[in-house]
Amino acid sequence: MDVTSIARPVTGVVGRFFSGVGLLLRGIGLYVRSPGLMLLGVVPALISGALYVAAFVALAYFVDDLAALVTPFADDWSGAWRSLIRVIAGLAIVGLAGLLGVLTFTAVTLIIGDPFYETISERVEDRLGGTPGAVEVPFWASLRRSIVDSLRLVAISALVGVPLFAAGFIPVVGQTVIPVIGAAVGGWFLALELTGAPFYRRGLGLGERRSLLRADRPTTLGFGVAVFVCFLIPLGAVLIMPAAIAGATLLARRSLGQSIEET
């Protein structure tokens, strides 16, 4: 499949939607063809993986003490019953820790990966001819603006997401129409979030980003929905995020009228 041709500008809402999907495919292609980008993308997962392994080793070492701590009522029991209840408590603690690990691994990896993903975006832009209109933004100012914008996006998405979640319980509609609307809303906010880095490099904030992406909403939704669907796969966010950052850089450049062809 020629993903380059898929990602070229086209007319028609459906065509533009799939053009946005093509931008993610091109991002995946850019990522897998570049060992340097792949290395950057793997590092956050390796770091978080090492942290989680260390945490579980520590938990295994102290699990007997923790089991005794949460079962003080068994201190006066006979040896066999006390040992049994504390083995059960220890297994429950390990099981709960495993569940929390699965639920938080992706989020922690994405937080650790932020500077690496920023570098991936910069390298993609370099391959496409550089960053026209780049401005020098101090690190702390950029971080502060990124956090503020992220909190705003989270707040807005929560305001939209809660009613959608409630509507999901409506018979028939909740199992057909609502998931489609949810994917569209989730995809839109993902596109806004993922394109932050290339817009920040040009001194453009969330307001400008939203306006430019809204100008070609079908393409933006095509990209965002494709990423959203990939993120539904277990660990999909960790695996796809580097390529999604590359694709988001392409989307940002297209929205700014800049070349997305490699030089």
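For the structure I just gave you, tell me whether residue 239 is open to solvent by 10 Å² or more (accessible area, probe 1.4 Å) and either outside any loop (DSSP other than H, G, I, E, B) or in contact with a strand residue (DSSP E or B) (Cβ under 7 Å, 6 or more places away or on another chain) (or both). Give the derivation first.
Values: open to solvent by 10 Å² or more (accessible area, probe 1.4 Å): yes; either outside any loop (DSSP other than H, G, I, E, B) or in contact with a strand residue (DSSP E or B) (Cβ under 7 Å, 6 or more places away or on another chain) (or both): yes.
Considered against the rule, which asks whether it is open to solvent by 10 Å² or more (accessible area, probe 1.4 Å) and either outside any loop (DSSP other than H, G, I, E, B) or in contact with a strand residue (DSSP E or B) (Cβ under 7 Å, 6 or more places away or on another chain) (or both), residue 239 comes out as yes.
How about the range 202-224: which of its residues are outside any helix (DSSP H, G or I) and either among the hydroxyl-bearing types (Ser, Thr, Tyr) or open to solvent by 30 Å² or more (accessible area, probe 1.4 Å) (or both)?
Correct list: 203, 204, 215, 216.
Here are the criteria: (1) farther than 22 Å from residue 251 by Cβ; (2) under 21 Å from the mean Cα position of the chain (by Cα); (3) surrounded by 14 or more Cβ atoms within 10 Å (Cβ to Cβ). Tell me which single one residue 63 does not satisfy.
(2)
Between 130, 174, which is part of a loop (DSSP other than H, G, I, E, B) and either farther than 27 Å from residue 239 by Cβ or at pLDDT below 70 (or both)?
On the way: 174 fails: part of a loop (DSSP other than H, G, I, E, B).
Exactly one of 130, 174 is part of a loop (DSSP other than H, G, I, E, B) and either farther than 27 Å from residue 239 by Cβ or at pLDDT below 70 (or both), namely 130.
What number of residues in the range 78-105 are hydroxyl-bearing (Ser, Thr, Tyr) and either over 17 Å from residue 51 (Cβ atoms) or in contact with a Pro (Cβ under 9 Å, 6 or more places away or on another chain) (or both)? Let's see the steps before the verdict.
Initially, the range 78-105 is screened for residues hydroxyl-bearing (Ser, Thr, Tyr), giving 78, 83, 104.
Checking the rest, the ones that are also either over 17 Å from residue 51 (Cβ atoms) or in contact with a Pro (Cβ under 9 Å, 6 or more places away or on another chain) (or both) come to 78, 83.
Number of matching residues: 2.
Going by the structure shown, is residue 15 in a helix (DSSP H, G or I), closer than 24 Å to residue 213 by Cβ, over 21 Å from the mean Cα position of the chain (by Cα) and at pLDDT 90 or above?
Yes, satisfied.
Would you mind stating whether residue 197 is under 16 Å from residue 119 (Cα atoms), open to solvent by less than 30 Å² (accessible area, probe 1.4 Å) and either in a loop (DSSP other than H, G, I, E, B) or at pLDDT below 90 (or both)?
On the way: under 16 Å from residue 119 (Cα atoms): yes; open to solvent by less than 30 Å² (accessible area, probe 1.4 Å): yes; either in a loop (DSSP other than H, G, I, E, B) or at pLDDT below 90 (or both): yes.
Judged against the criteria, residue 197 is a match.
Examine the range 100-116 for a residue that is open to solvent by 70 Å² or more (accessible area, probe 1.4 Å) and either touching a strand residue (DSSP E or B) at 6+ places or on another chain (Cβ under 6 Å) or modelled with pLDDT of 85 or more (or both), and state whether such a residue exists. Break it down stepwise before answering.
If we filter the range 100-116 for residues that are open to solvent by 70 Å² or more (accessible area, probe 1.4 Å), which is where we start, we get 100, 102-103, 111, 114-115.
With either touching a strand residue (DSSP E or B) at 6+ places or on another chain (Cβ under 6 Å) or modelled with pLDDT of 85 or more (or both) added as a condition, the list becomes none.
For the range 100-116, residues open to solvent by 70 Å² or more (accessible area, probe 1.4 Å) and either touching a strand residue (DSSP E or B) at 6+ places or on another chain (Cβ under 6 Å) or modelled with pLDDT of 85 or more (or both): absent.
Quick grid of which residues meet (1) of a type in the set (Lys, Arg); (2) modelled with pLDDT of 90 or more; (3) exposed (fewer than 12 other Cβ atoms within 10 Å of the Cβ):
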| site | (1), (2), (3) |
| --- | --- |
| 35 | no, no, yes |
| 49 | no, no, no |
| 54 | no, yes, yes |
| 58 | no, yes, yes |
| 67 | no, no, no |
| 74 | no, no, no |
| 79 | no, no, yes |
| 83 | no, no, no |
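Pairs only if they're at least six apart or on different chains, beta carbon under 7 angstrom, first in the range 242-263 and under 20 Å from residue 193 (Cβ atoms), second of a type in the set (Asp, Glu) and open to solvent by less than 10 Å² (accessible area, probe 1.4 Å); list them, first residue then second.
249/125
For the range 207-232, what are the residues that are β-branched (Val, Ile, Thr) and within 20 Å of residue 112 (Cβ to Cβ)? Spell out how you get there, then give the answer.
We begin by selecting, within the range 207-232, every residue β-branched (Val, Ile, Thr); these are 219-220, 225, 227, 229.
Across the range 207-232, the qualifying residue is only 227.
The values are calculated or read from the model by the stated rules, or taken from the named source; none is laboratory data. As the structure is a prediction and not an experimental result, all values here were calculated from the model. Backbone-built Cβ (ideal geometry, glycine too); neighbour counts: all protein chains shown. Surface accessibility is based on the protein's heavy atoms, side chains included, excluding ligands, DNA and RNA. Shrake-Rupley method; radii C 1.70, N 1.55, O 1.52, S 1.80 Å.
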